[in-house]
Amino acid sequence: MKKNFTILFQGDSITDVCRNRDEQNKPNSSGGGLGFGYPLLVSARLRADRPEVDFQCFDRGISGNRVVDLYARWKCDCLNMKPDLVSILIGVNDTWHEFNWQNGVEVPRYETIYRMLLQWTKEVLPETKIVLIEPFVLPFGAVAPEWLPEVEQRREIVAKLAKEFGCTLIPFQSILNENLKRAPQEYWLVDGVHPTPAGHQLLADAWIQYTKELLR
């Protein structure tokens, strides 16, 4: 009998990627339930490489979400699902929404809410493994230069929280920066925030690499 292993991807538009809400309760949906980004690519790779494990992958990313939005829906969109592993990528909208619409989440409050979310998860689902992907940007398109120091602060917070709660950290900004030696920034990101297909593949490959020990 195959072993079941449920993986939940959480975050904003980088995780959402036009996913089909009508298919969201179907694991590994071929009807768009995983969107068209790294969650779909991770699901495909895991299931192709390890058919002996029944990886059940779900995507609950919602475009435009800030950490406060994620926290508000955390019970129904994570805790009630009882995943074996939850992967979280959140933070760029907390900056973007402030600079564009004065509706962001300040860096200290981002840390407070993110910590509350992780504490809640550990209390309710102590056996669930947690993966944190640091927020990332490149300085072009939608990204103004003044974003950069703030997004860096958010990355430092995510790294601190990963250590504090024993989560696996995926340092995608440095991975992205390293790959700028291979191709220009527009090759990896569409607008400084959202990955191109190649960028999503890069993120999926990093995800697989950094979670190998968690999926044994």
Would you mind computing the Rg to Rh ratio of the range 89-216 from its alpha-carbon coordinates, Kirkwood style for Rh? 0.98
Using the alpha-carbon centroid of each, what span in Å lies between the range 1-68 and the range 146-204? 20
Keeping all protein chains in place, calculate the accessible area per residue for the chain (probe 1.4 angstrom), answer in Å². 45
At a Cα cut-off below 15 Å, give the aspartates and glutamates reachable from Lys129, other chains included and same-chain residues fewer than 8 away excluded. Asp84, Glu164, Glu213
Using modelled backbone amide H atoms (1.01 Å from N, in-plane), which distant-in-sequence or interchain residues come within less than 5 Å of Ile170's amide H? Leu132, Ile133, Glu134
From the backbone phi of the range 174-183, what are the Karplus-calculated ³J(HN,Hα) couplings (6.51 cos²θ - 1.76 cosθ + 1.60, θ = phi - 60°) in whole Hz, Gly and Pro given as x? 5, 5, 4, 4, 5, 7, 5, 6, 9, 7
Highest average packing first - 110-117, 96-103, Cβ atoms within 10 Å: 110-117, 96-103
Accessible area of the range 13-149 with a 1.4 Å probe: how many percent of it is carbon plus sulfur? 53
So what are the radius of gyration and Dmax for the Cα set of the chain, in Å? 16.3, 54
Distant-in-sequence amide H partners of Asp59 (H built 1.01 Å from N, under 5 Å): Phe9
With r defined as the distance between the Cβ atoms of Trp101 and Gln209 and R0 fixed at 45 Å, what FRET efficiency is calculated, to the nearest 0.05? 0.80
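The values are calculated or read from the model by the stated rules, or taken from the named source; none is laboratory data. Owing to the predicted nature of the structure, the values given are computational and were not obtained by experimental measurement. With ideal geometry, Cβ positions are generated from the backbone for all residues, glycine too; neighbour counts draw on all protein chains shown. Side chains are part of the model used for accessible areas, which takes the heavy atoms of the whole protein and leaves out ligands, DNA and RNA. Shrake-Rupley method; radii C 1.70, N 1.55, O 1.52, S 1.80 Å.
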